[in-house]
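Everything on this sheet refers to the single structure shown next.
The values are calculated or read from the model by the stated rules, or taken from the named source; none is laboratory data. Computed from a predicted model, the values in this text were never measured in an experiment. Using ideal geometry, Cβ is built from the backbone for each residue, glycine included, and neighbour counts are taken over all protein chains shown. Accessible surface is based on the protein model in full, side chains and every heavy atom, while ligands, DNA and RNA are left aside. Shrake-Rupley method; radii C 1.70, N 1.55, O 1.52, S 1.80 Å.
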Amino acid sequence: MADHHDDLPKFCHPVPTKLLFGVFFALIFLTILTVVVSALAGSMGIPSAFMFPIAMTLATAKAFLVCAFFMHMWWDKSFNVIAFLSSLLFVSLFICMTLMDTGHYQSTIESYDVNQMPGVAELESEPAE
Amino acid sequence: MAVADHSHDHHDDHHDHGEFIAHHFDSPEQQFDSGKLGIWLFLVTEVLFFSGLFVAYTLYRNHHPEIFDQAHVYLNKYLGGLNTIVLLFSSLTMALGVRSAQLGKNKSCGIYVLITMVCASMFLGVKAVEYSHKWDMGILVRSAFDFTYTHPDQTIISGLSNYLVYLSVIPLLLLVGFIITSVVFRLIDKAVWSKFWMGMAITVGGYFLGVVIGYLFMAAKIGEAKHAYIEPVRPIALYAMTQDTDHAKEDHAKSDHVKGDGHDKDHDDEHDDEHHDAAHANGEHHDDHGHGEHHGEIPEFDRNVGTFFSIYYCMTGLHAIHIIAGIIALGWLYFRCLNNHWRSDYFGPVDYVGLYWHLVDLIWIYLFPLLYLID
């Protein structure tokens, strides 16, 4: 997909200008789409529970475009791609583990009466300057 | 990256070494690939670095979605959208700059890098308008969240924010300094240095462009929907609902806005033991008992709204620090563009800084819907 230049070294892949502009306009389109969907969600009858997945899907589509074409991942060595994508794996592990963990004791936190803690009553009555 | 200066002896070199090929690399390709692996690993650490904040966000949103519903009304999604487009555009010019460097076109590469820097500063300018507007409203991190600073009758949105002026002092000094430096270098006939500092002055000018655009954007938004915009901006009312102290009483007494404090106080004392069950009971409780006379015009606020803004400031602040670091790195590229350093077998630094810049853009792509588009 890169321009073909015989005189360039083989690690040099200039991305065609048309492709770069195409990606840019696609990104702008997706950004506007995200804002419009978020603003019109109510009137379009999209349940609010779907809003978060929709917003994240659109963001991921944008992230894919940026990674693949602006960051040259499409033409990059697969080792670099694997290294980068593995970070996302660890991020998802990080998020899932902490969510599971806090999910287990959240009910305990919520059922705890903060006002029974020693000193809280005094703290609450101080001016919050 | 260590770069050996072979400019004086590179004709004697037995390899096909260019000007900037470090002596421990066999070929330009090996040097490029090593650098590229290095920058990708750095980006991995960056992703993991930011992921801590994303975890904080996810946990807090997961366990307290009501806080996010209340807090997002303070964020201006149009300013956020404007900033997204500015950053996407800077990514485009960065990618075009990399392409120019690959083709050895140093002049156009310099122009693209300069546009990228200007966009980065513009982003910061818009951000400064956003931040200062929030600070005017007393919206700070959780521990410093100030419900008393602004009286609702003072029109927060009209006039120039003091905070914005303070924030703009550093860019203003930089702007003046860069212009003077540029002129001095012009006088002593160092054209490249003079151009470089003029480029940096233009970059800082981008900040002021961002401030003006952000300000106009906000003014237009307020002009078209004045009522809707002002409504959530009631820090004193927020304070009244969430505080129950003598100090609060004094403040209330001064403003006509909030009535019936005596009742409020008594009510609370009676009901304290019965009703305070959860962390966010305060807001609802006070609203139910003390401020029915507001006819529901004020949304029910939770004191923990401040925690959302702690997360907001950490995420966008860390991102802004990355933008500043990016501008410095881009400035270095710009200087080397002016010195005609890039050739089709040596463009690595442009590519690496470009990758970093796209990552900063990538993080914003996620921050924007997560923070600004909560519905």
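Scan segment B:303-333 residue by residue and report those that are touching a residue at least 40 places away in the same chain (Cβ under 8 Å) and within 15 Å of B:Leu355 (Cα to Cα).
Within segment B:303-333, B:His322, B:Ile323, B:Gly326, B:Ile327, B:Leu330, B:Leu333 qualify.
Residue-wise test of (1) among the aliphatic types (A, V, I, L, M); (2) assigned by TED's automatic domain parsing to the domain that holds B:Ser194; (3) farther than 18 Å from B:Met315 by Cβ.
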{"position": "B:Arg343", "(1), (2), (3)": "no, yes, yes"}
{"position": "B:Val350", "(1), (2), (3)": "yes, yes, yes"}
{"position": "B:Val353", "(1), (2), (3)": "yes, yes, yes"}
{"position": "B:His358", "(1), (2), (3)": "no, yes, yes"}
{"position": "B:Ile365", "(1), (2), (3)": "yes, yes, no"}
{"position": "B:Phe368", "(1), (2), (3)": "no, yes, no"}
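Before we move on, is A:Thr57 among the hydroxyl-bearing types (Ser, Thr, Tyr), at pLDDT 90 or above and open to solvent by less than 70 Å² (accessible area, probe 1.4 Å)?
no
Do you know which of the residues in segment B:82-95 that are open to solvent by 10 Å² or more (accessible area, probe 1.4 Å) and within 9 Å of chain A (Cβ to nearest Cβ) is farthest from B:Ala220 (Cα to Cα)?
B:Phe89
Identify, please: which residue in segment B:317-375 is open to solvent by 20 Å² or more (accessible area, probe 1.4 Å) and not in a helix (DSSP H, G or I) and is, among those, farthest from B:Gly125 (Cα to Cα)?
So the residue we want is B:Asp345.
Could you list all residues from segment B:101-113 that are in contact with a helix residue (DSSP H, G or I) (Cβ under 6 Å, 6 or more places away or on another chain) and surrounded by fewer than 24 Cβ atoms within 10 Å (Cβ to Cβ)?
Within segment B:101-113, B:Asn106, B:Ser108 qualify.
Does B:Leu160 satisfy the condition of being surrounded by fewer than 19 Cβ atoms within 10 Å (Cβ to Cβ), closer than 24 Å to B:Leu216 by Cβ, modelled with pLDDT under 90 and among the aliphatic types (A, V, I, L, M)?
Spelling it out, B:Leu160 is indeed surrounded by fewer than 19 Cβ atoms within 10 Å (Cβ to Cβ), closer than 24 Å to B:Leu216 by Cβ, modelled with pLDDT under 90 and among the aliphatic types (A, V, I, L, M).
Within segment B:318-370, track down each residue that is hydroxyl-bearing (Ser, Thr, Tyr) and either under 23 Å from A:Leu58 (Cα atoms) or in contact with a His (Cβ under 9 Å, 6 or more places away or on another chain) (or both).
B:Ser344, B:Tyr356, B:Tyr366
Please give the number of the condition A:Ser38 fails out of (1) more than 7 Å from every other protein chain (Cβ to nearest Cβ); (2) modelled with pLDDT under 90; (3) surrounded by 13 or more Cβ atoms within 10 Å (Cβ to Cβ).
(1)
Out of curiosity, is B:Phe32 at the interface with chain A (Cβ under 10 Å from one of its Cβ atoms), closer than 21 Å to A:Phe52 by Cα and not small (Gly, Ala, Ser)?
no
So if I check each of B:Leu48, B:Leu53, B:Leu43, B:Leu59, which one is touching a residue at least 24 places away in the same chain (Cβ under 8 Å), surrounded by fewer than 19 Cβ atoms within 10 Å (Cβ to Cβ), assigned by TED's automatic domain parsing to the domain that holds B:Phe309 and not β-branched (Val, Ile, Thr)?
From the options B:Leu48, B:Leu53, B:Leu43, B:Leu59, the qualifying one is B:Leu53.
Give A:Phe79, A:Phe29 a once-over and let me know the one that is facing chain B (nearest Cβ under 8 Å), assigned to a helix (DSSP H, G or I) and open to solvent by 70 Å² or more (accessible area, probe 1.4 Å).
A:Phe79 is the lone residue from the list that is facing chain B (nearest Cβ under 8 Å), assigned to a helix (DSSP H, G or I) and open to solvent by 70 Å² or more (accessible area, probe 1.4 Å).
If I filter segment A:62-71 for residues that are modelled with pLDDT of 90 or more, in contact with a helix residue (DSSP H, G or I) (Cβ under 8 Å, 6 or more places away or on another chain) and not in a helix (DSSP H, G or I), do I get at least one hit?
Checked segment A:62-71: at least one residue is modelled with pLDDT of 90 or more, in contact with a helix residue (DSSP H, G or I) (Cβ under 8 Å, 6 or more places away or on another chain) and not in a helix (DSSP H, G or I).
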